[in-house]
Each structure stands twice: as structure tokens, then as C-alpha cells.
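Working notes, beginning with the structure itself.
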Amino acid sequence: MHPIRFFIWSRNYKTLMSNTKNIEKSYQLARERYAQLGVDTDQALAQLARISISMHCWQGDDVGGFENVGGALGDGLAVTGNYPGKARTPEQLRADFEKALSLIPGSHRFNIHACYAEMDGRKVERDELSADQFKNWIAWAKSLKIGMDFNQTYFSHPMVKDGMTLTHPDKSVRKFWIEHGIRSREIGAAIGKALGKTCLTNLWIPDGMKDTPADRRGPRERLVESLDAVFKKKIDRKLNVDSVEPKLFGIGAESYTPGSHEFYLGYAVSRGTLLTLDAGHYHPTEGIADKISSVLCYLPEIALHVSRGVRWDSDHVVTLTDELQAIAQEIVWGGYVGRVRIGLDYFDASINRVAAWVIGTRNMIKALLLALVAPIAKLKQFERDGDYTSRLALMEDAKVLPFGAVWDYYCQQKGVPVGDAWLAEVKRYERDVLSKR
Ligand code: RNT
Ligand code: ZN
């Protein structure tokens, strides 16, 4: 090596080594501080490593998909922004996702929609789809040793008639979408089988009315009938589990949504499906954190779409808000880790999409870690003793414990960039790959 290059290399190497040492030192101090409150941070990190997040493919291409039906995104979904470099082919989406994964600690899942089918030059309709159109995705997930989740796609399609799918008064429209629902579950089962990890197939429909409906009953009764037809075929729950996702309103469906919270809660409880709680699907000040322990009284398992609505269901990138922390606390403090399938659901096209994945997923993991290192045993004891003063005092002090040192150490342990060092890698990727698209 040239002496100058050797000099730069050895200087960088020394910086790296001293950073590594400092992160370890800081962690040891933090570990002691937490131990004073009865918290075992080593154990928290081991628990955290076992939680996988289902990362949504659709952040990578603005919910576009690869069907080439020519239609723009619609049916209640809207993505704003036109940041350059979005994935335009399955290969690009896979490469971008792998880049994001390499910057996120832990082992996670890939969540795909039916509209990401690869047609191989042949047009396959949504009511004809099979695992064939997903064989590349499955092989890729297998090579990465990650699990996959699936979703029926009930939007961006000419068969969404008058804003309706499974609730449409016309039987032929319902039939088309019922068949799509069934086929998607079969694809879910094929995914579960191929990867040896249970697939979650999540059903959300955009159906609703812009203005005050005259008949609220009809669409709901038709929805029950359609869903029963979709879920009629029994599928081994080791391969695939189904979930239904309620919503309060959508763009163009401001006044009425047949698939409301009460509707799907009743459906899930009576039919044994999971229920997906999406953080953006309720009244603007209504959070989903408090719903978790309520619905888990009746359901063995639920799914989450962690998102961030700003004034409406805008699906902004997940940030480390109080709401996000409350969700993580409920999962961890309630002892529900094995019963909540955590998924993300947001799509921001105004920033680098790989960065959007990294920021949102790392925040979800941070929130879980914050909950795992909270002095919850002490807090619960204060509560049992009726000492609410101490409960409040400790909750507030816990907010400034040296959490950052534990998080940095986790990233280092998992071999991903510490702090904001991941950003340089995304910028390099943007320069070398995304900007050339
Ligand atoms: C829409 C739902 C749904 C979608 C994704 C793309 O409001 O949240 O989950 O965002 O399936
Ligand atoms: Zn959602």
C-alpha cells in the first residue's frame, strides 16, 4: 500500500477502534445505571433481537406495483412527492430493500402486495393470480432467510367500481374480488410453506361513500357474505393466517366505511381471523395503543400497521413519537410480544425511499427497546401499592436514562451503522445507484 493511503487507512482504522471502544464503555456505564433500577439491559437486547418487524415493500415505489395496468394509485390511497430514484422494476425494489435491511439491526420480514406480481410477459388478472407470479420474490426472501407477509390488492384497478369491491351491489364485481381474496390466501400459504415461516395475509378494502349514505346496512351485510366466501377454504394456520383491517374513512370515502372498527372487530372475534390495527385509521386524536390490550382479551393474535398520520391518514414516515412509544410499551409491558405481528405502513415519496424505510424501521425498534429497558417491574409495584406519585416520578425520570448508549451498542453488536452513520451509506447508494435510474 502507498504510504499516504496507508496513513489514511490506519487513521480511519484507529478512529473506528476508538469509537467501538467508546460505545462499549458507554454501554457498560448505562448498563450499571439501568441495573440500579432493576433492569437487565443484556436481557433486553436479547429479547429485542427476537422481535421482527414486517417491512412494507410499498415504501420503495410509492405503492406502484408491477402489474402495469396503467392506472394511477387511487381508491383512497394517495402518495405525495416525486423524489428521484424510485424502484421501477422488481430487481430495483429488491436491491433497495436489501440496502435498507443492511442498515437496520435485527432480522425482519418483507411485506408484499398482490399488485407486485411478476407477470413474465403474460397478463394475469387479479382473480387468476397464483404463487407462480411470486416465485422470484419467494426465492429472494429464501436467499435472505427472511419471512414474508402478503396482502390482497383491492385498489388501483378498473374492477374497483364506484369505489367499491367486496361490498358492491353487483354480484359480478363481488365475485371478481372474492376470487382475488381466495387466491391471495393461497399465495400466502405457498409463501409460508416455501419459507417455513407463517405468512400473514392482510385484507383491506377501500370501499366507502363520499357523502351520507341512505343504506348503511346493505354494504355491511354484503361484506360479511363476501368475507365468508373469501375465508371459507381452511388453510393450515402454520402456513398462513388471515387478518382484516378496519378504517374510519378514506379520501373520497369521508362519510361512510362499511369496514369500520366495530365491523371488523366483530368479524375477527366471530370468525377467528386476526385484526389489523392501523395507527392512521382512527379519529385524529385516537391512538391504537390503548386498543391492544382490549382486543387481545378476545383475540389470540393481532397485527399492527404502524404508521403516522398528520391531521389525517397521511402515512408519514414513523418517527419516535409518544404514540409510537405507547404502542411499543403496550406490546412489551403487556407481555404480548408473541401475539402482536408488528408491521409498518407508510409511504413518503418526498424523501429518499431507502432512508424512509431505515428511519421508520429503526424508530420502531428504538421504541421497542425503550419499552424493554423501562423499569416496568418497579412501576407496576408502585401501582399495586397505590403509590401513584412514585409511579409518575419514575416514569418521568426514566425518560432521560442513558438509552442512547444501549441503542448504539445494539447497532454495533448487530453489525449495522451506529447513530446517523447509516445516512452516509444511503447517500452513497443514492449517488451510485438511485440517481442513475
Ligand atoms: C390503507 C391501508 C392499507 C394500505 C396498504 C398499502 O389505508 O392502511 O393497509 O395502506 O395495504
Ligand atoms: Zn394499513
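Since every read-out is calculated from the coordinates, none of them should be taken as a lab result. A quick note: this is a predicted structure, and the numbers were derived from the prediction, not measured. Cβ atoms come from the backbone with ideal geometry, glycine included; neighbour counts cover every protein chain shown.
Structure values in brief
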{"read-out": "³J(HN,Hα), Karplus 6.51/-1.76/1.60, whole Hz, each residue of region 145-154, x for Gly, Pro", "value": "6, 10, x, 9, 10, 9, 9, 5, 10, 9"}
{"read-out": "Loop-located trypsin sites (Lys or Arg not before Pro) in region 223-264, at most 15 other Cβ atoms within 10 Å (DSSP)", "value": "LYS232, LYS233, LYS234, ARG237, LYS238"}
{"read-out": "Mean Cβ count within 10 Å, highest first, over the residues of peptides 408-418, 255-265", "value": "255-265, 408-418"}
{"read-out": "Mean Cβ count within 10 Å, highest first, over the residues of peptides 355-363, 86-94, 106-114", "value": "355-363, 106-114, 86-94"}
{"read-out": "Calculated [θ] (222 nm, deg cm²/dmol) that DSSP helices of n ≥ 4 give over the chain, each run adding -39,500 (n - 2.57)", "value": "-14500 deg cm²/dmol"}
{"read-out": "Anisotropy class of region 1-93 from Cα gyration tensor, a/c 1.5 cut", "value": "oblate"}
{"read-out": "For LEU277, residues with placed amide H under 5 Å, excluding near neighbours", "value": "ALA303, LEU304, HIS305"}
{"read-out": "Of every Cα-Cα pair in region 292-437, the percent that sits beyond 25 Å", "value": "41 percent"}
{"read-out": "Karplus-derived HN-Hα couplings along region 404-419 (A = 6.51, B = -1.76, C = 1.60, θ = phi - 60°), whole Hz, x at Gly and Pro", "value": "x, 5, 6, 4, 4, 5, 4, 4, 4, 4, 8, x, 10, x, 8, x"}
{"read-out": "Cα shape, region 75-142, gyration tensor, a/c 1.5 rule", "value": "oblate"}
{"read-out": "The chain - percent relative contact order, Cα under 8 Å, separation 6 or more", "value": "20 percent"}
{"read-out": "Derived scalar couplings ³J(HN,Hα) [region 83-91; Karplus, 6.51 cos²θ - 1.76 cosθ + 1.60; whole Hz; x for Gly, Pro]", "value": "4, x, x, 5, 5, 10, 9, x, 4"}
{"read-out": "Taking N as its residue count, the alpha carbon Rg of region 32-190 over 2.2 N^0.38 Å", "value": "1.27"}
{"read-out": "Principal-axis tilt of helix 217-230 within the chain, Cα atoms, nearest 10 degrees", "value": "70 degrees"}
{"read-out": "Long-range amide H partners of ARG109 with built H, under 5 Å", "value": "ILE53, SER54, MET55"}
{"read-out": "Kirkwood hydrodynamic radius over Cα pairs of the chain, then Stokes diffusion coefficient at 20 °C and 1.002 mPa s, in µm²/s", "value": "93 µm²/s"}
{"read-out": "Positive dipole terminus of the chain, leading residue within ALA139, LEU423, LEU296 (C-beta point charges)", "value": "ALA139"}
{"read-out": "FRET efficiency, 1/(1 + (r/R0)^6) with R0 60 Å, evaluated for LYS123 and ARG384 via beta carbons", "value": "0.45"}
